[in-house]
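Have a look at the structure below, then the notes.
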Amino acid sequence: MNCVKNLWLASTVILVSLFIFYSISSSRAMQIFEYTGVKKCAMCHEAQHAVWSQSHHAKAFATLGTDKAKEIGKQQGIEDPQKSGQCLKCHVTGYGDKRKIIEEYGIQCESCHGAGKGYATEKIMKNLELSKEKGLIMPTEAVCKECHNSGSPTFKSFNFEKAFEMIKHQLAKK
């Protein structure tokens, strides 16, 4: 009987230990970061906001309301591109994750840099590694290709270097 109790106790300790280890090691992956919105980013990042506001990304949601978008949508069996998840997933920041989204801003800062509530303070932003821990993403070709890919009905090709030149902005000052 003691062997059974000892085996049960040992198994329980191992399972609890594994659960704690898993919880600690994957806490970053399990965190859900919240969006702040482009207005919050613009408060400190004025120059970057100026570049973004002149970009196609800033007009991504509005683009879905054009006659051309409606024609493309019709060909895809989509009645209203501004209401279709098939379109919004790439034309609105954070679409589909059930967080507060402001559609009229289209593809804003947090589409490329990650939901910003966790890293939006000056104290955190001054520390790159801490910012990353709190949700900051450094844009890469893979980030861009989440939308700029053959899944889009208007996709022709994607040259990351050329596209990056069109949207790049100065780095934030420390």
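The values are calculated or read from the model by the stated rules, or taken from the named source; none is laboratory data. Predicted, not measured: the structure shown is a model, and the values here were computed from it. Quick reminder, even Gly has a Cβ in these numbers, built from the backbone with ideal geometry, and neighbours come from all protein chains shown.
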### Message
Could you go through the range 68-84 and let me know if any residue there is more than 21 Å from LYS117 (Cβ to Cβ), among the aliphatic types (A, V, I, L, M), touching a Cys at 6+ places or on another chain (Cβ under 6 Å) and assigned to a loop (DSSP other than H, G, I, E, B).
### Response
no
### Task
Kindly provide the set of residues from the range 85-117 that are of a type in the set (Gly, Ala, Ser) and either assigned to a loop (DSSP other than H, G, I, E, B) or under 21 Å from GLU46 (Cα atoms) (or both), ordered by number.
GLY94, GLY96, GLY106, SER111, GLY114, ALA115, GLY116
### Query
Looking at the range 87-94, is at least one residue over 12 Å from the mean Cα position of the chain (by Cα) and closer than 18 Å to GLN170 by Cα?
no
### Task
Report yes if some residue within the range 138-149 is out of contact with any helix residue (DSSP H, G or I) (no Cβ under 7 Å at 6 or more places or on another chain) and within 20 Å of MET43 (Cβ to Cβ); otherwise report no.
no
### Message
Condition first: at pLDDT below 50 and either part of a loop (DSSP other than H, G, I, E, B) or surrounded by 14 or more Cβ atoms within 10 Å (Cβ to Cβ) (or both). Now tell me which residues in the range 14-55 satisfy that.
### Response
SER26
### Query
Taking the range 118-156, which residues are touching a Ser or Thr at 6+ places or on another chain (Cβ under 7 Å) and outside any helix (DSSP H, G or I)?
TYR119, ALA120
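For (1) outside the structural domain of SER150 (by TED's automatic domain parsing); (2) among the β-branched types (Val, Ile, Thr); (3) in contact (Cβ under 8 Å) with a residue 24 or more places away in the chain, each residue gets a yes or a no:
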site: LYS40; (1), (2), (3): no, no, yes
site: GLN54; (1), (2), (3): no, no, no
site: LYS59; (1), (2), (3): no, no, yes
site: THR66; (1), (2), (3): no, yes, no
site: GLN76; (1), (2), (3): no, no, yes
site: GLN82; (1), (2), (3): no, no, no
site: GLY85; (1), (2), (3): no, no, no
site: LYS89; (1), (2), (3): no, no, yes
